[in-house]
Amino acid sequence: MGCGMRKSEPQLKKCDRAIRAALLIQRWYRQYAARLEMRRRCTWNIFQSIEYAGEQDQIKLYNFFGFLMDHFTPASSERNLISHIFRENEICRDTEWERYFCYKSMEVPDSYTGPHLTFPMTFCGVSKLVEAFKHKQQLHARYVLQILGETWRLLRILPNINHVSVCHTKEITICGDLHGHLEDLLLIFYKNDLPSSEKPYVFNGDFVDRGKNSLEILLILFGFLLVYPNDVHLNRGNHEDHIVNLRYGFTKEILVKYRVHGKKILKLLQKIFSWLPLATVIDHKVLVVHGGISDTTDLNVIAKVDRHKYVSALRPPKMTHQAVNGSKTHTMNSRNGEAGGPEEGRRRVFSLTHPGSALAQRNDPPRRSLHDLPVSSQLSWSVEDELKRRRRLAGFDQSYGDTKTESDSDPDFGQAETDEDEWKQVVDLLWSDPMPQNGCTPNEVRGGGCYWGPDVTEEVLGRHNLQLLIRSHECKQDGYEFCHNRRVLTIFSASNYYEEGSNRGAYIRMGSDLVPHFIQYQASRTCRELTLRQSVGWTERSALRSLREQLFVHKSDLISAFRVFDPNNTGLIPLRHWASATETVLKLGLPWRVLRPQLVGSSRCGLVDYQNWIKELSIPESKLEISDTSLLETMYKNHSNLETIFRIIDADHSGLISFEEFRQTWKLLSSHLQTEISDEVIADLAQSIDFNKDGSIDINEFMEAFRLVDLSAHT
């Protein structure tokens, strides 16, 4: 006879209460985690939208410069100011380059405490370089030029597409964007070991810009490339482009670190960037490119491209014929065979290589109708009149040719144009992004390359008998992300890209089975010590601060947009109208209704008090006294464009520009924006900026004076 054991009634009730409590806690935690995830994604959208809007502005500005180069004569002053940036890809004889970048006469002083290098480079030498940069030492300019010169010689013999093989005894490591984050590269080497014949690496572009140690990253990677040319592979990214570097910090970094030899270093780096391979193929099955592909991508075409022609991929080069030693040779000059791409707005623009159907914005130069016109003498009278009107509005001289062509007066312009399809292939590799829908459309967010869908992935990979595409180019919160049925893999290696805690970095280990394994990391110890809630809160505050800056610089446009919905001037508009007007002005594609509680302090009965809200966005005044508030707002709104133009006009990279160059800078900006800024206002501004009264303006001091201050008081 058995005796059954039964729980008493009180015990059952106690157990039920515990289960209910556990379920409530579980439900609460899921809701809490969901809210955190929603905040994290919203923060991410803010950062990414602002970043891509900046890329659009850069392409838009460069297209405007291309417009001037194509349709203004060489005698025009504004064309002369910018012409040097379009001549950087002229092909010189090797002996001329050797003479220009000669380092042999440069003495290394006894006071120099950095690493002393010997050539040919050795593993020991590169290891010393890594240790020196880890301890924030600076390499002497002689060694910098020597490394760059040796790298240039090596890159010139490499193919456009590197083919590598992974044997059964090793793994290959694939890294994404580093963007000047030296601490991430050092952490990768610490976790994964230094490159060697037993530890091959592929670095997938975007080594420079944004971070503060871009040059150090390049020198380390070039050093390992020189020691292990068969085991270290470098792909070009869209930031390996001297026009992009003008905006995103690499140009400034070089000139600050090497004031005497910075110009030579920059010029040699332009050549090196143009010689970087465009892709890597692993075991004939895995394609590694920086940006992506399009429906016209053909690796056979890419393998035959003269990649060094594309010193800047933003604009196809123009081919001219010159007699050299009695024979005809081709000299590539950066000229737009297709007028550089149509008009674009901040969010909805035409892609560089995929002209779409988006409507032109009001303030864009009339480039679409000029695409197929080779020389200015063939322009219609209506277009000539429009050009004259725009020049008159900007205050430029009217001296452009009536009947003679550009090629008659400018040796930089020639007869034969480069292959547009070839240029498109290069741009698509560097600038494109995947999308979840089928098809291939213009990349309207960045303004360059395309969006391609899973059907395009299947077709291109199938046509070339590939099984996986690895790309970078996009920051991912976890450092990597699969899409297109796991046929496309994005890898991003710069952790804390937008802000500390904003994202992890990652790299890939891949063996002979070609299965990717991911290693994630976060370079900042501060971030690793934060809880998830603290990390989300930290990055959210930073993102909202950046967004408030964008709202501040568009104050006038926002007020005008709000007043359309407030004909009686009550100062109140419905939330939906506030969100609609804000998106119309900023064009960032953000969920404004969701963001309203963090941006607008309070609302009454679903109405937003936009007048008080605009006052809350106010920022302390600039250090300089400027009575013209519209000019001040123009400075804030176009801060990056203004700095880019400054650095273009500062052709000798001295960091100083004259009053006349300052005036021409503003004339270029006003012509680009199609607004009028009088000479008197510009002269007063120049006088107020010239603190030491030496007749020149320090670019860095000027830009710092108008950089937006911290808005933490409103966060």
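Please go through (1) surrounded by 23 or more Cβ atoms within 10 Å (Cβ to Cβ); (2) under 28 Å from Ser274 (Cα atoms) for Leu468 and return the number of the only condition it doesn't satisfy.
(1)
Looking at the range 1-57, which of its residues are at pLDDT 75 or above and of a type in the set (Asp, Glu)?
The answer is Asp16, Glu37, Glu51, Glu55, Asp57.
Write out, first by first residue and then by second, each pair whose Cβ atoms fall under 6 Å of each other, whose residues are 6+ apart or on separate chains, and whose first residue, in the range 678-707, is in contact (Cβ under 8 Å) with a residue 60 or more places away in the chain and closer than 16 Å to Met635 by Cα while the second is open to solvent by less than 50 Å² (accessible area, probe 1.4 Å) and among the hydrophobic types (A, V, I, L, M, F, W, C).
Hits for this filter: Ser688/Leu624; Ile689/Ile697; Ile689/Phe702; Ala705/Leu624; Phe706/Met635.
Please count how many residues of the range 107-123 are surrounded by 15 or more Cβ atoms within 10 Å (Cβ to Cβ) and either without any contact (Cβ under 8 Å) to a residue 40 or more places away in the chain or of a type in the set (Phe, Trp, Tyr) (or both). Spell out the reasoning first.
Kept after step one, since they are surrounded by 15 or more Cβ atoms within 10 Å (Cβ to Cβ), are these residues of the range 107-123: 112, 114-115, 117, 121, 123.
Retained after the next criterion (residues that are either without any contact (Cβ under 8 Å) to a residue 40 or more places away in the chain or of a type in the set (Phe, Trp, Tyr) (or both)): 112, 114-115, 117, 123.
Residues flagged as surrounded by 15 or more Cβ atoms within 10 Å (Cβ to Cβ) and either without any contact (Cβ under 8 Å) to a residue 40 or more places away in the chain or of a type in the set (Phe, Trp, Tyr) (or both) within the range 107-123 amount to 5.
Take Arg509 and decide whether it is in contact with a strand residue (DSSP E or B) (Cβ under 8 Å, 6 or more places away or on another chain), part of a loop (DSSP other than H, G, I, E, B) and among the charged types (D, E, K, R).
So Arg509 does not fit the description; no.
Return the residue satisfying two criteria in turn: it lies in the range 697-715 and is surrounded by 18 or more Cβ atoms within 10 Å (Cβ to Cβ) and modelled with pLDDT of 75 or more, and of such residues it is farthest from Ser542 (Cα to Cα).
Applying the filter and picking the extreme gives Ile697.
When the range 218-246 is examined, which residues are found to be surrounded by fewer than 23 Cβ atoms within 10 Å (Cβ to Cβ) and of a type in the set (D, E, K, R)?
Asp231
Quick check on the range 152-171. Is at least one of its residues modelled with pLDDT of 95 or more, buried (at least 24 other Cβ atoms within 10 Å of the Cβ) and not charged (D, E, K, R)?
Looking through the range 152-171, none of the residues is modelled with pLDDT of 95 or more, buried (at least 24 other Cβ atoms within 10 Å of the Cβ) and not charged (D, E, K, R).
Could you please give the count of residues in the range 172-204 that are buried (at least 22 other Cβ atoms within 10 Å of the Cβ), part of a helix (DSSP H, G or I) and touching a strand residue (DSSP E or B) at 6+ places or on another chain (Cβ under 6 Å)?
Qualifying residue count for the region: 2.
Quick one: would you say Asp478 is over 15 Å from Trp44 (Cβ atoms), assigned to a loop (DSSP other than H, G, I, E, B) and of a type in the set (Asp, Glu)? Let's see the steps before the verdict.
On the way: over 15 Å from Trp44 (Cβ atoms): no; assigned to a loop (DSSP other than H, G, I, E, B): yes; of a type in the set (Asp, Glu): yes.
It is false that Asp478 is over 15 Å from Trp44 (Cβ atoms), assigned to a loop (DSSP other than H, G, I, E, B) and of a type in the set (Asp, Glu).
In the range 132-144, is there at least one residue being closer than 29 Å to Tyr498 by Cβ, among the polar types (S, T, N, Q) and open to solvent by 30 Å² or more (accessible area, probe 1.4 Å)?
Looking for residues that are closer than 29 Å to Tyr498 by Cβ, among the polar types (S, T, N, Q) and open to solvent by 30 Å² or more (accessible area, probe 1.4 Å), one finds at least one in the range 132-144, hence yes.
Pick from the range 276-308 the residues that are open to solvent by 40 Å² or more (accessible area, probe 1.4 Å) and in contact with a helix residue (DSSP H, G or I) (Cβ under 9 Å, 6 or more places away or on another chain): which of them is farthest from Leu145 (Cα to Cα)? Steps first, please.
Taking the range 276-308 first, the residues open to solvent by 40 Å² or more (accessible area, probe 1.4 Å) are 284-285, 295-296, 298, 300-301, 303-304, 306.
From what is left, the residues that are in contact with a helix residue (DSSP H, G or I) (Cβ under 9 Å, 6 or more places away or on another chain) are 295-296, 298, 301, 304, 306.
Working: Asp295: 40, Thr296: 39, Asp298: 36, Val301: 33, Lys304: 29, Asp306: 25 Å.
Looking at the filtered set, the residue picked out is Asp295.
Which of the residues belonging to the range 444-465 are open to solvent by less than 20 Å² (accessible area, probe 1.4 Å), out of contact with any helix residue (DSSP H, G or I) (no Cβ under 6 Å at 6 or more places or on another chain) and either under 22 Å from Tyr498 (Cα atoms) or part of a helix (DSSP H, G or I) (or both)?
Val456, Thr457, Val460, Leu461 - these are the residues of the range 444-465 that are open to solvent by less than 20 Å² (accessible area, probe 1.4 Å), out of contact with any helix residue (DSSP H, G or I) (no Cβ under 6 Å at 6 or more places or on another chain) and either under 22 Å from Tyr498 (Cα atoms) or part of a helix (DSSP H, G or I) (or both).
Take Arg259 and decide whether it is open to solvent by 30 Å² or more (accessible area, probe 1.4 Å) and among the charged types (D, E, K, R). Steps first, answer last, please.
Numbers: open to solvent by 30 Å² or more (accessible area, probe 1.4 Å): yes; among the charged types (D, E, K, R): yes.
So Arg259 passes the test.
Do you know which of the residues in the range 652-680 that are farther than 18 Å from Glu701 by Cβ, part of a helix (DSSP H, G or I) and open to solvent by less than 40 Å² (accessible area, probe 1.4 Å) is modelled with the lowest pLDDT?
Here the answer is Leu673.
Pull out all pairs, ordered by first then second residue, where Cβ-Cβ is under 6 Å, the residues are six or more apart or on different chains, the first lies in the range 152-165 and is within 20 Å of Lys285 (Cα to Cα), and the second is among the basic types (Lys, Arg) and open to solvent by less than 20 Å² (accessible area, probe 1.4 Å).
What qualifies is Asn160/Arg307.
From the list Ser502, Ser542, Ser556, Ser546, which one is open to solvent by less than 30 Å² (accessible area, probe 1.4 Å), small (Gly, Ala, Ser) and assigned to a helix (DSSP H, G or I)? Don't jump to the end; show me each part of the working.
On the way: Ser502 fails: assigned to a helix (DSSP H, G or I); Ser556 fails: open to solvent by less than 30 Å² (accessible area, probe 1.4 Å); Ser546 fails: open to solvent by less than 30 Å² (accessible area, probe 1.4 Å).
Exactly one residue qualifies, and that residue is Ser542.
Looking only at residues in the range 189-217 that are free of Cβ contacts under 8 Å to residues at least 60 places away in the same chain and of a type in the set (Gly, Ala, Ser), which one is nearest to Glu171 (Cα to Cα)?
Within the range 189-217, the match that is nearest to Glu171 (Cα to Cα) is Ser197.
Within the range 206-263, which helices (runs of 4 or more DSSP H) (wholly inside it) include 3 or more residues that are under 16 Å from Asn700 (Cβ atoms) and within 21 Å of the chain's Cα centre (by Cα)?
Values: elements: 214-227, 242-248, 250-257.
Of the helices (runs of 4 or more DSSP H) lying wholly inside the range 206-263, those with at least 3 residues that are under 16 Å from Asn700 (Cβ atoms) and within 21 Å of the chain's Cα centre (by Cα) span 242-248, 250-257.
The values are calculated or read from the model by the stated rules, or taken from the named source; none is laboratory data. Please read these numbers as outputs of a predicted model, since none were measured by experiment. For neighbour counting, all protein chains shown are included, and Cβ atoms are generated from backbone atoms with ideal geometry for every residue, glycine included. What goes into the accessible areas is simple: the full protein's heavy atoms, side chains included, and nothing from ligands, DNA or RNA. Shrake-Rupley method; radii C 1.70, N 1.55, O 1.52, S 1.80 Å.
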